[in-house]
1. Any chance you could check the Cα centroid distance between the stretch 189-236 and the stretch 330-384 for me, in angstrom?
2. Could you derive backbone 3J(HN,Hα) for the stretch 350-356 from the dihedral phi with the Karplus parameters 6.51, -1.76 and 1.60 (θ = phi - 60°), listing whole Hz in sequence and x where the residue is Gly or Pro?
3. Given contacts defined as C-alpha pairs under 8 Å and at least six residues apart, what's the relative contact order of the stretch 416-504, whole-number percent?
4. Quick check on the stretch 416-504: what does the Kirkwood estimate of hydrodynamic radius come out to from the alpha carbon pairs, in Å?
5. Give me Rg/Rg_expected for the stretch 256-403, where Rg uses Cα atoms only and Rg_expected = 2.2 N^0.38 Å with N residues.
6. Which order do the peptides 63-75, 315-327 take when ranked by the mean count of other beta-carbon atoms within 10 Å per residue, highest first?
7. Give me a comma-separated list of calculated 3J(HN,Hα) values for the stretch 280-286, in order, Karplus coefficients 6.51, -1.76, 1.60 applied at θ = phi - 60°, integers in Hz, x for any Gly or Pro.
8. Using Cβ counts within 10 Å as a stand-in for footprinting exposure, how do M131, M487, M162 rank, fewest first?
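Coordinate-derived values only; no laboratory data. Predicted, not measured: the structure shown is a model, and the values here were computed from it. Glycine gets a Cβ as well: all are built from the backbone with ideal geometry, and neighbour counts include every protein chain shown.
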Amino acid sequence: MRNHENTTSRARRLRHALLASALTLGIAGATGAGLVIGESPVAQAEPVRVEAPAPADFTAVVEKVKPAVVSVRVKTEASPVADRSPFSDIPQDSPFYEFFKRFGPPGFEPGPQSRGPQGRTPNPRSPRFGMSQGSGFFISEDGYLVTNNHVVDGGKELVVVMDDGREIDAKLIGTDDRTDLALLKVDGDGFTYVTFASDAPKVGQWAIAVGNPFGLGGSVTAGIVSADGRDIGAGPYDDFIQIDAPVNRGNSGGPTFNARGEVIGVNTAIFSPSGGNVGIAFAIPAATVQDVVADLRNDGQVTRGWLGVQIQPVTQDIADSLGIEQTTGALVSDPQADGPARAAGIRAGDVILKVDGRDVKGPRELAQIIARYDPDTTVKLDILRNGKNEQIDVKLGRLGKMASNAPSGTPDAAPTSLEGLGLALGPSQDGNGVLVTGVEDGSPASEKGLQAGDVIVTVAGEEVGSPADVRSGIDAAQKQGRKAVLMQVQGERGTRFVALPVEKG
């Protein structure tokens, strides 16, 4: 009996000990502060807690802005075609020729060399017209409205369909294909209009899109700003706002609002493998729209400053070849012969760091900054040249088409191989530079995009005229302890800089 009691007592004490241990571990796991080493507890970061408001009711915003948003109906002309029957291509020696000649539909033309039952020959139809639709919105009481350039491009007639169903003829004031914006005007007064937001939207804030998806006018969708500063390859001034409010075909040219009913952007593109909404849409920022619209309203066109340079990013390997640490700025690969930059003394290999004190992160930022200046404006450029900082004043020109610097011709010559880099070189046709006659697959040169037909103009800042010059430039870079050597190259894509790793040379 006593042995049984002792056994029971020991079991009870063991169970209590296990429960106490489990309770201790449970508390430690729940609090995150139960682990102690010596006398100091392990510090743990506090979780982020944000008191977020409940989702807003957009009724008041929509009631205010919806009358200002319209559908833009565009009539386009198609090329005239000859009247044709589904049976018009039946040859005259076909056994079905006589049958369709006698019993074919009215106006049937039995073959390209014959006449129809009434002796008629095919006549061109009258011009055919197509119809497309987009969205737009009023920005003034007297009838100015904004839409996308691609909505009205090629349009013969423009009609604005109001929120209440009224249709009003519109005229085109001006377009800007570089930003895909257009300004229209309708006659009249007293139109409900909207204003642009004075501050840039922040990622995470509400985005309300109103427009004409699939021809369904006056549709409203909501989401958030997903990202900003997006470059989607649409043009040199890409700076899109990304939103996840559902946007589809027909929304183009329509506005996206913030929760205060201010326009933060103009919907212009979607990312869609299927053609429908997948939650990724892009809007032109309000600041860009305001600048472009002001020019279009003034004289029907947009004027921009022109620097006259071909530029590229400062990648890490290019920074290594220049002996610098930062990868910001825009590397000048070629100042155009008739451009303002060359006239002011800008050279290939210069890195533009600032414009009038504004930092240049890369080529896209430089293009956007320069575009905001009027032609004939003098700007101060901070540049990095041969490891030293300099300032140069440049009087901007008017933006025009850029010239191509692609070389032509491939002379016959025995190539010289640069082992390790995967390059075969020979003399150029005009004696300027060194011709790339071959590139080994998988080599460092191939990885950097070099191809046969490219011409190497400079190596490490020095002009080259023979394969031996190229080899000497590479050797000099190695002696200086550089990880890469910078080459200026001309090719089908114009002039650019390529940094090749010298440790493999």
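1. 32
2. Couplings: 5, 10, 7, 9, 8, 10, 6 Hz.
3. In percent, rounded to a whole number, it is 24.
4. Working: mean 1/r = 0.0797 Å⁻¹.
Radius from the Kirkwood sum: 12.5 Å.
5. Taking N as the residue count of the stretch 256-403, the ratio is 1.24.
6. 63-75, 315-327
7. So the Karplus estimates, Gly and Pro as x, are 10, 10, 10, 10, 6, x, 4 Hz.
8. On the way: M131 12, M487 28, M162 19.
In order of increasing Cβ crowding within 10 Å: M131, M162, M487.
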